[in-house]
Amino acid sequence: MTPQGRKMFETLMKTQTMSRDAIVAYQHGLLEKLCRHARLRVPFYRDSGCLDSLFDGDRFDMSGWDKVPVLTREAAYANRRELTATEVPRFMAPLTPGQTSGSTGTPLPFLRTSLSSYASEALTARGLAWRGLGVGKPTAISKAVTGDVGAREAGEPLQTQNGSVHFVNFFHKPLEQCAELDRIRPRLVISYPSIVHSWILADGGACLESVEAILLTGETCREETAQAIRAAFKGHVINLYSASEAGPMAIQGPRGDLKVCEENLWMEEPSAALSAESRLRPHPVIITPYYAHATPLIRYAPGDYAIWGNPDKATPGLRSLERITGRVRNMFKRPDGTLFWPNLSSVKLRKIAHFTHRQLIQESFERFVLRVVFDAPPDDGQVRQFQAHIAEVTGARDVVIEAVSGINDNRTNGKSYEDFICLI
């Protein structure tokens, strides 16, 4: 752990036991600093006046928070240049470029501050500390989890003070990934639930022999997937709800609930005026990361839905989520029963024809349907190029490109949005 991450970790171990009122006062102070900065140095907020409801003259007033427009992922992408700060406080340097995975739309580029990185490091360490664990090294991370623009080649280690972090390419066959894990012998793994499940199906979990804890992130972990992982792996399995552009948003506590990362971001809870029944339904996740001064995302809706839970007396300062109902990715199946992740390149597809959303469905071992919301109707040549790419990454003999006006999103009904769907 970096010295800065260690210092923040020590602070987090204290703030989690603070009262909710004390935490809220602390959060409002961080929000005020971010909003003052954004209003002065970020063209999108400076020129639009959308933060004016928070200020009475020079006085910051949280009573106007709900009047600030919600920033959707699509709006953030459309205004990506204007959302970049003209300057940031020196203590937040250096900045590193990143981008979202683009699984549910065009990838969103952003700049990450050093404080955001230290917060991610410290919050991960706290999630491990809740289980009596330190930050294990070496660590193996599925490559796309990092969200980095300049991602390292798979297997290339990132040298750290206490060991190495290795990136494992999840586009390789599961057995090849297992062989890489056998070589690395990590103590900590950070990956998608479906990827870890594919390792277990490939070698029965033997590649996880050296692992003390697995952090599952990037997608909702279905109950059957969690059961399969726990049956083969006897170490600690921890759900980490995060986003590339925001960092950790909630981490699973020892009792199973997802504890909101209150020290990293402001997450808006459903109104207390709602009925108990309404509060048990999925609600849109709306967040404001405190340390994202380089690319401020104020009242940002990443497109996820959550069901809120009850607080834990052991950590009174941290609210709880029962579960996240969005962000599911499915693995596809081969005739021999093995699972695979399609190396579907949105970048390559957008060079052929522009689109906003896509959804790939496996109807049989040989037939795949790609549903696409095109910006303009594609010509026959573009359709054939789309078909060729899908066939290349899936091995399909029958590829259908279906142009649609929209893709149904049933997350408000407690169901999951899936950009990959296997019907076998």
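Among the conditions (1) at pLDDT below 75; (2) under 18 Å from the mean Cα position of the chain (by Cα); (3) of a type outside the set (A, V, I, L, M), Gly136 misses just one, which is (2).
So for segment 321-342 (the condition being outside any loop (DSSP other than H, G, I, E, B) and either touching a Gly at 6+ places or on another chain (Cβ under 7 Å) or without any contact (Cβ under 8 Å) to a residue 40 or more places away in the chain (or both)), does at least one residue qualify? For segment 321-342, residues outside any loop (DSSP other than H, G, I, E, B) and either touching a Gly at 6+ places or on another chain (Cβ under 7 Å) or without any contact (Cβ under 8 Å) to a residue 40 or more places away in the chain (or both): present.
In a residue-by-residue description of segment 223-240, the property of being buried (at least 19 other Cβ atoms within 10 Å of the Cβ), in contact with a Ser or Thr (Cβ under 8 Å, 6 or more places away or on another chain) and modelled with pLDDT of 90 or more applies to at least one position. Restricted to segment 13-118, the set of helices (runs of 4 or more DSSP H) holding at least 1 residues that are β-branched (Val, Ile, Thr) comprises 20-41.
So is Asp66 more than 27 Å from the chain's Cα centre (by Cα) and in the same structural domain as Glu82 (by TED's automatic domain parsing) or not? Here the answer is no, as Asp66 does not meet what is asked.
Selection over segment 4-25 of residues that are within 21 Å of Ala246 (Cβ to Cβ) and surrounded by 15 or more Cβ atoms within 10 Å (Cβ to Cβ) gives a count of 9. Entry remark, segment 8-25: residues being closer than 24 Å to Leu128 by Cα and in contact (Cβ under 8 Å) with a residue 12 or more places away in the chain number 12 in total. In segment 40-59 there is at least one residue matching the filter, namely being assigned by TED's automatic domain parsing to the domain that holds Ala301, free of Cβ contacts under 8 Å to residues at least 12 places away in the same chain and of a type in the set (S, T, N, Q). Here Arg59 does not fit the description of being on the phi < 0 side of the Ramachandran plot, among the basic types (Lys, Arg) and surrounded by 15 or more Cβ atoms within 10 Å (Cβ to Cβ). Within segment 314-355, the set of residues being farther than 20 Å from Leu175 by Cβ, surrounded by fewer than 19 Cβ atoms within 10 Å (Cβ to Cβ) and modelled with pLDDT under 80 comprises Ser345, Ser346, Val347.
Which numbered condition in (1) within 21 Å of Pro342 (Cβ to Cβ); (2) crowded, with 21+ Cβ neighbours inside 10 Å; (3) not β-branched (Val, Ile, Thr) is the only one that Pro186 fails? Failed condition: (1). Scanning segment 244-268 for residues that are assigned to a loop (DSSP other than H, G, I, E, B) and either under 15 Å from Thr124 (Cβ atoms) or at pLDDT 90 or above (or both) yields a total of 9.
The values are calculated or read from the model by the stated rules, or taken from the named source; none is laboratory data. This structure is a prediction, so every number in the text was calculated from the model and none was measured. As a convention, Cβ positions derive from the backbone with ideal geometry for all residues, glycine included, and neighbour counts pool all protein chains shown.
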